[in-house]
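Right, one structure below, let's go through it.
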Amino acid sequence: MGKFTVSIPAGPIWNDEDGKEKGPIVAAAHLGEFDGNWRTVVPNEMSTVDVILNSEPTGSSEYTLDVLAGPIWNQEDAEKKCPVVCASYGGKWNGQWKTVVSGKMSVCGCTFKF
C-alpha cells in the first residue's frame with residue numbers, strides 16, 4: 001500500500017511543543033499519522049502539519065459523513081465532483097449528495113474506512 005504526505009491546516013501553532021500536541025490531533029482526524037513536521041504559513045493565524053496517509057484507506061470500521069463540496073447543480077455534476085471531493089478527504093463517494101445552501105453549497109456523502 002502506498003503512502004504519501006500532505007500538509008493540513010491546523011490553526012496557529014506557537015512553538016514546537018504546541019506543534020507536537022496539535023499535529024497528532026489533526027492527523028487522527030484525517031486517518032493519518034503526524035510525521036513531526038509543521039510550519040507557519042500565516043504568522044499568528046495559520047500553520048500546517050504534515051500528515052502521512054495511505055493511498056488506499058483500509059480497515060474493518062466504516063463511517064459515512066457529509067463533506068462540503070461547493071455548489072452541485074444536478075446528479076451529473078455530482079457524479080463529476082463528489083468522487084474527487086471524497087478522495088480529497090481520504091474517503092469514497094457513496095452516491096449521495098444534497099444542496100445545503102441553494103446556489104452556494106452542497107455536500108457529498110463520503111464513506112471512510114479505518
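The values are calculated or read from the model by the stated rules, or taken from the named source; none is laboratory data. From a predicted model like this one, the values you see are computed outputs, not experimental measurements. Backbone-built Cβ (ideal geometry, glycine too); neighbour counts: all protein chains shown.
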Item to complete: Return the total of residues in the range 70-83 being without any contact (Cβ under 8 Å) to a residue 24 or more places away in the chain and over 21 Å from Gly59 (Cα atoms).
Response: 7
Discussion item. Looking only at the range 1-17, filter to residues that are of a type in the set (Val, Ile, Thr) and in contact (Cβ under 8 Å) with a residue 40 or more places away in the chain; which one of those is surrounded by the fewest Cβ atoms within 10 Å (Cβ to Cβ)?
Written reply: Thr5
Worksheet, complete the sentence: Residue hits (the range 7-66; among the polar types (S, T, N, Q) and at negative phi) are Ser7, Asn15, Asn37, Thr40, Ser47, Thr48, Asn54, Ser55, Thr58, Ser60, Ser61, Thr64
Practice prompt. Output the residues belonging to the range 18-34 that are of a type outside the set (Val, Ile, Thr), touching a residue at least 12 places away in the same chain (Cβ under 8 Å) and out of contact with any Asp or Glu (no Cβ under 6 Å at 6 or more places or on another chain).
Written response: Gly19, Lys20, Lys22, Gly23, His30, Leu31, Gly32, Glu33, Phe34
Practice prompt. Could you tell me whether the range 30-52 includes any residue that is closer than 21 Å to Cys108 by Cα, surrounded by 13 or more Cβ atoms within 10 Å (Cβ to Cβ), at pLDDT below 95 and of a type in the set (A, V, I, L, M, F, W, C)?
Written response: yes
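Yes/no matrix, rows are residues, columns are (1) within 29 Å of Thr99 (Cα to Cα); (2) loosely packed, with under 11 Cβ neighbours inside 10 Å; (3) not assigned by TED's automatic domain parsing to the domain that holds Gly103:
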{"residue": "Gly19", "(1), (2), (3)": "no, no, yes"}
{"residue": "Ala27", "(1), (2), (3)": "yes, no, yes"}
{"residue": "Val67", "(1), (2), (3)": "yes, no, no"}
{"residue": "Cys86", "(1), (2), (3)": "yes, no, no"}
Fill in: Scope the range 38-55; condition without any contact (Cβ under 8 Å) to a residue 40 or more places away in the chain and in contact with a helix residue (DSSP H, G or I) (Cβ under 8 Å, 6 or more places away or on another chain); matching residues
Trp38, Ser47
Response to the item:
Residues of the range 70-114 being assigned to a loop (DSSP other than H, G, I, E, B) and more than 20 Å from Phe4 (Cα to Cα), in sequence order, are Pro71, Ile72, Trp73, Asn74, Ser102, Gly103, Lys104
